[in-house]
Amino acid sequence: MKRIVVAEDFNVSRKIIVSTLAKEGFIVMEAADGTEALQLFDGRPVDLLITDFNMPNMDGAELIHKVRTLSDYKYMPILLLTTEVRQEKIQHAIDGNITAHIKKPFDTAEFLKVVKKALK
Amino acid sequence: MINELQQEFIEEARQILKNLEQSLLELENNKLPEQINNVYRYMHTLKGSAGMFGFANIEKLSHELENVYSDVRDGIRPLDEFIIDLTLHAVDVLKDMIEGKESGKELATIIQTLKSVTDTSGIHHEAPVEIISVKASKAYTIFLRPDREIFARGINVGALLEEIQELGASEFIIHNETIPFEKQLADKDLSSWLEILVTTTQSVETIKDVFLFMRPSEYSILELAGEQDFASADYQSQIILKAEEISNRKNIFENLMPGIFSKNGTIVSTPRMESAASLTEDNDDTQEDTKVTRKTKTGSSISVTTKKLDQLINIVSELVIFRSELSHLMGNEQNPAITEALEKLDRLTLGLRDSAFTIRLVPINILNVKLQRLIRSVSKELGKEVEFITDGLETELDRSMINALEAPLMHIIRNAIDHGIERPDERERRNKPRKGLLKLLSYNSGDHVFIQIQDDGNGIDFDRIRSKGIEKGMLNKNQHYNEKELINLMMSPGFSTAEKVTTVSGRGVGMDAVKKEISSMRGDIEVSTEKELGTIITLRLPLTLTVLDTLVVQVDENKYLIPINEVEHCFKDKHENLFRKKSRQITYNGQLTPFVSLREYFGIGELTGEETVIVINKNDTRIAVVVDGIIGKLQTVYKPLNDLLPANCFSGSSILGDGSMALIINALKLNN
């Protein structure tokens, strides 16, 4: 059973993502910002990180950067939730660290397709 | 006496014929070789089973059909409208035979006709050993140049390579392998790039999906049409090959797919046979490739007889009723353990009820084939050309509702083709495309399912309705009637009976019957129309027939139920105020609204003091009902009334928690 960490500050979005994944049988751990998310790692087995870009306390970019420095998660797939308005410069810096972008709002079928592929 | 095994054959045969019909209708639009093979396979299977279970005539007919499609598949006979018509007719005969309604004469005729088709082809074939599938295979070279740090993006390169191998027979040529490739993968440090030769039946979209996480600079897919492509500009932009290297690659492809190169070096992409092993993996993708929009469901499925299902639903319904009974009994229970247990029972029962009712949900799509055939035959008969588009047919409805919907839908569609869509030349005169557009849409919204039938034809001819209404004495010729009134007239009994009964319209099915049927499902019909532009008929149906949210009201000693979705407003008022005037009316929202006092209606004595008024809004009509008081809300299982009882003002009944029965009020009928 694959374990997924979801970091998203907007409650409604996070709930939707979590339930969509839970219905597929994944174990989902949720966090409302980067700091909470980081605590979920801590040497635990995690197969995928799905994170938003803009979050309070610690944003997506910082979270990804920190996660990648931990040896356990250097090669773990990471999906970044993005909106149309892209903060080009900042996101460019993390492009080399993420598996794929997922545009918000997303089509459920597409979303699951990407998630399942990332978990292969 | 049909024994169990034969019964199983009948079930299987029904399913095969259903699939067969669908394939045939698909073939009309798109003569894909795989569909032709499907048809052949269905016939073959049907023939075999029929023979095994002793259905000799079915075996005979299937055998003739199998022969015809064998010829078609081998390219000896072209698949034309005549053959498809003939096959559909044969399917009808087969259907009859399976249901036990055989007509010797019809059978003989159609076998005769089929034989003549194969005879003119000149060659008879023995049914060959089972062919698995036929698809068009293509050759590609995929250039894969992953960034050195691709692993840092969390991409599993090993999995990627496996996915490529799953596409079809392939060979990987590794370039720049200064360090062994395996080691590069293990160290997660790629310095090589790959030239992958692959033959596959998958579509380009499916191939591209494999590289979903790759950057455009990291991969390139080149389709090869022949050996000359090894030296094409595209190929040379990736790598320039020497003559012997090209020859090498040709050999590789030859090994991957024997016979791939024709004599002059072009790649042959005609249908080839695939082994069963690769087929099972491809299955899901095949569904995507073909035009049939059959939604692939995750998980396996089983077939259950409707009898078993109904039994299950009945028990669940009883359980739901019992649960409220128990709840009622335990009303004053203080013991926390028991209360908790009761709550849990509640949750489980409702969960079970919800699950059970979803089993009864079935996509509207199951009507699709029937409707398509109807459209086909009606348009032919009336000389109209119709394009049928559907959307959202995966929307689900309770099974019994779908059954009940069949006739009304077919009638509405018949009307659309008959009266709505104009003849092709008429349409051209109006600068419309020759083919009329008929759309069937469905979607969920809130608690309801909407089904829409749209046509881009004439629009409803109100003048005709008006003159017909006057003719029949239903309308006053000096009075003006608005569109809504005319539409209501169109759907009232007695209006449509004198229509010319063509083979298409059938007997006794008029718009009034449609309306009645939809109303009995607690649904609504809305008609929207524009002269010369078209008509849209919208059906709004509740998700399920059986569960209802109601308001429980008291009248004297009895309780009655009013569907909550009809209730607009409730308030209390003194008896004297309400009955002060002779006219039974109240002022609500600035309008005079009629009311019916249930005590008065049922002939029970008057109540002095306070009474409760419930304003009901149903189908845009308002009527108020006066009762003693409101007891509460109840979500209940609705049981329709026995046909023997006069329907009058009750639309059904239900059992309350205390075991007593309550009738469900159909407010609009109270006024009649």
(request) Residue by residue through the stretch B:2-49, note down the ones that are of a type outside the set (D, E, K, R), over 20 Å from B:D96 (Cβ atoms), surrounded by fewer than 17 Cβ atoms within 10 Å (Cβ to Cβ) and more than 24 Å from the chain's Cα centre (by Cα). (result) B:N3, B:L5, B:P33, B:G48
(message) Just the residues that are open to solvent by 70 Å² or more (accessible area, probe 1.4 Å) and of a type in the set (V, I, T), please, taken from the stretch B:553-594.
(response) B:T587
(request) Kindly provide the set of residues from the stretch B:324-372 that are among the charged types (D, E, K, R) and in contact with a helix residue (DSSP H, G or I) (Cβ under 6 Å, 6 or more places away or on another chain), ordered by number. (result) B:E333, B:R353, B:R360
(request) Run B:P433 past the list (1) more than 17 Å from B:I453 (Cα to Cα); (2) of a type outside the set (A, V, I, L, M, F, W, C); (3) in contact with a strand residue (DSSP E or B) (Cβ under 9 Å, 6 or more places away or on another chain); (4) open to solvent by less than 70 Å² (accessible area, probe 1.4 Å) and report the number of the one that doesn't hold. (result) (4)
(request) Considering each of B:A407, B:A416 in turn, give the residue that is touching a residue at least 12 places away in the same chain (Cβ under 8 Å) and within 30 Å of B:N314 (Cα to Cα). (result) B:A407
(message) Looking at the structure I just gave you, is B:L212 open to solvent by 50 Å² or more (accessible area, probe 1.4 Å) and in a loop (DSSP other than H, G, I, E, B)?
(response) yes
(request) Taking A:A118 as meeting all but one of (1) small (G, A, S); (2) in contact (Cβ under 8 Å) with a residue 40 or more places away in the chain; (3) more than 14 Å from chain B (Cβ to nearest Cβ), write down the number of the exception. (result) (3)
(message) Go through the stretch B:137-163 and report how many residues are facing chain A (nearest Cβ under 7 Å) and not hydrophobic (A, V, I, L, M, F, W, C).
(response) 4
(message) Looking only at residues that are in contact with a Phe, Trp or Tyr (Cβ under 8 Å, 6 or more places away or on another chain) and in a loop (DSSP other than H, G, I, E, B) in the stretch A:27-64, which one is farthest from the other protein chains (Cβ to nearest Cβ)?
(response) A:D59
(request) Please give the number of the condition B:L61 fails out of (1) at pLDDT below 85; (2) in contact with a Leu (Cβ under 7 Å, 6 or more places away or on another chain). (result) (1)
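Return the residues of the stretch B:215-226 that are within 14 Å of another protein chain (Cβ to nearest Cβ), open to solvent by 60 Å² or more (accessible area, probe 1.4 Å), touching a residue at least 40 places away in the same chain (Cβ under 8 Å) and not in a loop (DSSP other than H, G, I, E, B); say none if nothing qualifies.
Start the filter on the stretch B:215-226 by keeping residues that are within 14 Å of another protein chain (Cβ to nearest Cβ), which leaves B:215-218.
This time we only want the ones that are open to solvent by 60 Å² or more (accessible area, probe 1.4 Å), so: B:215-217.
With the extra rule that they be touching a residue at least 40 places away in the same chain (Cβ under 8 Å), the set shrinks to B:215, B:217.
B:S217 - this is the single residue of the stretch B:215-226 that is within 14 Å of another protein chain (Cβ to nearest Cβ), open to solvent by 60 Å² or more (accessible area, probe 1.4 Å), touching a residue at least 40 places away in the same chain (Cβ under 8 Å) and not in a loop (DSSP other than H, G, I, E, B).
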(request) Inspect all residues belonging to the stretch B:185-201 and state whether any of them is surrounded by 15 or more Cβ atoms within 10 Å (Cβ to Cβ) and within 14 Å of chain A (Cβ to nearest Cβ). (result) yes
(request) May I ask you to list the residues in the stretch B:64-83 that are in contact (Cβ under 8 Å) with a residue 24 or more places away in the chain and either open to solvent by 60 Å² or more (accessible area, probe 1.4 Å) or basic (K, R) (or both)? (result) B:R73, B:D74, B:I76, B:R77, B:E81
(request) Just give me the residues in the stretch A:15-33 being closer than 11 Å to A:I50 by Cα and open to solvent by 20 Å² or more (accessible area, probe 1.4 Å), in sequence order. (result) A:V18, A:V28, A:M29, A:E30
(request) Would you check which residues across the stretch A:65-82 are of a type outside the set (D, E, K, R) and at the interface with chain B (Cβ under 9 Å from one of its Cβ atoms) and list them? (result) A:Y73, A:Y75, A:M76, A:P77, A:I78, A:L79
(message) I'm trying to understand the selection: among the residues of the stretch B:436-473, which are at pLDDT 90 or above, surrounded by 18 or more Cβ atoms within 10 Å (Cβ to Cβ) and of a type in the set (D, E, K, R)?
(response) B:D455, B:D456
(request) Residues that are among the aliphatic types (A, V, I, L, M) and under 21 Å from B:R373 (Cα atoms): find the helices (runs of 4 or more DSSP H) completely inside the stretch B:1-106 holding 3 or more of those. (result) B:4-29, B:33-53, B:81-98
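The values are calculated or read from the model by the stated rules, or taken from the named source; none is laboratory data. The model shown is predicted, which means the values in this text are computed figures rather than measured ones. Cβ coordinates were reconstructed from backbone atoms using ideal geometry, including for glycine residues, and neighbour counts include every protein chain displayed. What goes into the accessible areas is simple: the full protein's heavy atoms, side chains included, and nothing from ligands, DNA or RNA. Shrake-Rupley method; radii C 1.70, N 1.55, O 1.52, S 1.80 Å.
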